[in-house]
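What follows is a single structure, written as structure tokens, with notes after it.
The values are calculated or read from the model by the stated rules, or taken from the named source; none is laboratory data. Note that the coordinates shown come from a computational prediction; the quantities given were computed from them, not determined experimentally. FYI the Cβ positions are ideal-geometry reconstructions off the backbone, even for glycines, and counts take in every protein chain you see.
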């Protein structure tokens, strides 16, 4: 018998609609010259992420009392999650900035108690719905490579990273701010134009 729950989940994610404001963190200096990411660029991102995660594993305070997510895309680092104090978050952000492969660090860590399993599962649902919405977005050019975009959700804030034109950024932002549960869309794009 065919399991229908994955299809039902995907359809539900596509139909879920809400509204959210948008914030822009523009970055164009040192932006990638093209949209394609080479294998070596992807590998460099993975290695950078691994070094930052290694720092977390070797820092007892971060390891024991923080919930940190590290996202690296085109050598841009996004830190999200909860830390026990400002110093812990700054220590991690400074380490990420000190790596020679880092172009920019967005420190979106908050000083707060660890998020609940329910809150994290809501964030995963938002990311899934946003990813599904991005995949079915018809307003983008036919040759648009959706692998140029990374979608990350933390505390109901949707972060968008990647390399796009300003027009593509507007289309994507407008579509994803309507995903149910999104409180805010934060654009951290590299602009190709």
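Checking the stated criteria, residue 72 turns out to be within 29 Å of residue 193 (Cβ to Cβ), under 18 Å from the mean Cα position of the chain (by Cα) and either at pLDDT 95 or above or crowded, with 17+ Cβ neighbours inside 10 Å (or both).
Here the range 56-69 is the region considered, the condition is being more than 15 Å from residue 120 (Cβ to Cβ) and in contact with a strand residue (DSSP E or B) (Cβ under 9 Å, 6 or more places away or on another chain), and the residue that is surrounded by the most Cβ atoms within 10 Å (Cβ to Cβ) is 62. The one condition from (1) part of a helix (DSSP H, G or I); (2) free of Cβ contacts under 8 Å to residues at least 40 places away in the same chain; (3) surrounded by 16 or more Cβ atoms within 10 Å (Cβ to Cβ) that residue 42 does not meet is (3).
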